[in-house]
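The structure appears below as structure tokens.
The values are calculated or read from the model by the stated rules, or taken from the named source; none is laboratory data. Treat the numbers as computed from the prediction; the structure is a model and nothing was measured. Note that each Cβ is placed from the backbone with ideal geometry, even for glycine, and that neighbours are counted across all protein chains shown.
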Amino acid sequence: MADTNVEPGAPSAKATTSSLSPANTSPSERPSTAAGDVSKPSSSNPPKSSPSALAQIDRLLLRLNKLLASPGGLSSFLSTFNYTLYLIIHLQSKSHALTSLTRRLISHLTSRPYTPIPAVVSATPTGAAALAALISRARTTLRLFGTLPLYAWLRTLLSNGPKPGADKVLHGIAITQCLSYLTYQALENVCFLADNGVVPKRVIAALNRGNPATEKVYLVGYRAWLAGISCEFLRLGREAQVERRKRAERVAGEGGKGVAEYEAADKRFDSKWWMDAMIASAWFPMALHLSNLTGGVPGWSYGFMGACGLVAGGQRAQGLWQATLHP
């Protein structure tokens, strides 16, 4: 699911790691320079020893701690981990078919008889599936507070109105998108709390025409999420239209002069626009699948879900991870 909330992070301590020095080698390993020695001391510098495995693990753990303490770091980490597990689950489900195909090819190339491998069907979920379900519940729990930043965003849009010189169409799209996301988050929160016995079933029954089951309420929430993602495509289309018009007016007004000074800003806009389009395109099939009561997207699997989630959240996770390199 899309993580619309950003969790506040805790301050993290700065830590440094040390590397091993060649001076720490034992005397027996150093070249001897005694007069009786036949060999001459090497003129080349001794190779620097690489950091030990423990030092690498220590550095990785410190960076992970810094990531989890940063704003939005925990949410991004859990999302990336969750969708990676979905890919692993998909590969596990295909491992028997891949092994059988490999054995068939080897049998064909070596002219040996092919021996089928019996498929092992387990009634209990694998460790990866159980962990993915646990992390998914943890992410849903964190999203219980996702309505607060959405409310703040909606309040700002309604109270301040469009900024001077801003496009009114984009402002209207932003309001519609915020309302869609807020509806989705509120319905998901109510259903999740009802499934865990926090909210009485009569609340769900009041929302669902007397039916205390949460399935259809979840469905309405997912459709609201789909509407919010669809608004993202409308926003991108309108932004492209406004930017195209702005660049045309700039060229016409200056006669082609001074356009180079805007080149860097134009490249930044284009890069961000394409990145936002890629993220929205990755979330869209997932939202479309979840918002369909009769099967969803044909051929949908854990593999597609994992790939879409990693594409959608990969850029943000990469940026947060790279930030842990800096003090």
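Sort through ALA194, ALA213 and tell me the only one that's at pLDDT 95 or above and more than 19 Å from TRP283 (Cβ to Cβ).
Numbers: ALA213 fails: at pLDDT 95 or above.
Answer to the check: ALA194.
What tally of residues in the stretch 139-170 results from selecting those that are within 23 Å of the chain's Cα centre (by Cα), loosely packed, with under 14 Cβ neighbours inside 10 Å and modelled with pLDDT under 95?
0
Looking at the structure I just gave you, is ASN211 at negative phi, surrounded by 15 or more Cβ atoms within 10 Å (Cβ to Cβ) and out of contact with any Cys (no Cβ under 8 Å at 6 or more places or on another chain)? Before the answer, list the steps.
Working: at negative phi: yes; surrounded by 15 or more Cβ atoms within 10 Å (Cβ to Cβ): no; out of contact with any Cys (no Cβ under 8 Å at 6 or more places or on another chain): yes.
So ASN211 does not fit the description; no.
Checking TRP300 against (1) part of a helix (DSSP H, G or I); (2) at pLDDT 90 or above; (3) touching a helix residue (DSSP H, G or I) at 6+ places or on another chain (Cβ under 8 Å): exactly one of these is not met. Which one?
(1)
List pairs: first in the stretch 304-327 and loosely packed, with under 13 Cβ neighbours inside 10 Å, second in a helix (DSSP H, G or I) and not aliphatic (A, V, I, L, M), Cβ under 8 Å, 6+ apart or cross-chain?
The qualifying pairs are LEU325/ARG63.
What's the number of the condition HIS289 fails, among (1) surrounded by 18 or more Cβ atoms within 10 Å (Cβ to Cβ); (2) under 20 Å from LEU87 (Cβ atoms); (3) touching a residue at least 24 places away in the same chain (Cβ under 8 Å)?
Condition (3) is where HIS289 drops out.
It is to be established whether one or more residues within the stretch 176-184 are under 22 Å from SER281 (Cα atoms), of a type in the set (A, V, I, L, M) and modelled with pLDDT of 95 or more. Can you show your working first?
To start, the set of residues in the stretch 176-184 that are under 22 Å from SER281 (Cα atoms) comprises 176-184.
Of the ones still in play, those that are also of a type in the set (A, V, I, L, M) are 179, 182.
Subset that is modelled with pLDDT of 95 or more: 179, 182.
Yes: the stretch 176-184 contains one or more residues that are under 22 Å from SER281 (Cα atoms), of a type in the set (A, V, I, L, M) and modelled with pLDDT of 95 or more.
Given the structure, is VAL198 of a type outside the set (Phe, Trp, Tyr) and closer than 23 Å to THR140 by Cβ?
Working: of a type outside the set (Phe, Trp, Tyr): yes; closer than 23 Å to THR140 by Cβ: yes.
Yes: the conditions hold for VAL198.
So VAL259 ticks every box in (1) at pLDDT 90 or above; (2) hydrophobic (A, V, I, L, M, F, W, C); (3) surrounded by 12 or more Cβ atoms within 10 Å (Cβ to Cβ) but one. Which box is left unticked?
Every listed condition holds for VAL259 apart from (1).
Which one is surrounded by the fewest Cβ atoms within 10 Å (Cβ to Cβ) among residues in the stretch 263-286 that are touching a residue at least 12 places away in the same chain (Cβ under 8 Å) and among the aromatic types (Phe, Trp, Tyr)?
TRP273
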